[in-house]
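Just below is one structure, and these are the notes that go with it.
The values are calculated or read from the model by the stated rules, or taken from the named source; none is laboratory data. Treat the numbers as computed from the prediction; the structure is a model and nothing was measured. When we count neighbours, we look across all protein chains shown, and the Cβ atoms used for this are built from the backbone with ideal geometry, even at glycine.
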Amino acid sequence: MTKRLIVTFFASLFLISCNSDDPFAITSTSVGPLTQESTVNELETLFKGQKVVSKTNPQGAKIGSDAIEIYENDAQLLSLKPKTDEKTSTIKTIQIFDPRYKTEEGITLNSTFKDIKNAYKISKIETLLTSIVVFVDDINAYFTIDKKELPSELQFDMSAKVDEVHIPDGAKIKYFMIGW
């Protein structure tokens, strides 16, 4: 019995330590290997084995604080927006493109509105021209849902205030963003 307890303890410890090293884990302060303190000049090291692409114009000058894209093979994983143009800048926003990235509650790019509201407290919902944005402060995330997912009377009314009750459970996520 004692051996079984010891084995169970170490197996649990092993599983917990493996989960913390998940390259696709999203928390309120990290996305995979990227943390709130990570800088632009660390990206090549953090995403070793992936392609890090910085947007530049033909003359090689940066265009504002443009996106830095992370690819695995030819598939885009993330799009990062730095706070400034400096190499020492930290990251301001992260757009998730790969459904392997998931929160501790299991939310991914393939989740539905129901999944989000069951996992987290929704902080705010904003209505835009063609979409709505659902904010979840617990994980510093926001999810964009196309207005086409809403009932028809809300799709074309620009002044309509959209609440949780108006969003169908099966509404799909269009964009999944983390903002620090």
Given (1) in a helix (DSSP H, G or I); (2) modelled with pLDDT under 70; (3) in contact with a Ser or Thr (Cβ under 9 Å, 6 or more places away or on another chain), Ser65 misses just (1)
If you take the residues in region 34-52 that are surrounded by 11 or more Cβ atoms within 10 Å (Cβ to Cβ) and free of Cβ contacts under 8 Å to residues at least 12 places away in the same chain, which one is nearest to Leu77 (Cα to Cα)? Glu44
Under the condition of being assigned to a loop (DSSP other than H, G, I, E, B) and in contact with a Phe, Trp or Tyr (Cβ under 8 Å, 6 or more places away or on another chain), which residue from region 30-54 is nearest to Glu105 (Cα to Cα)? Gly32
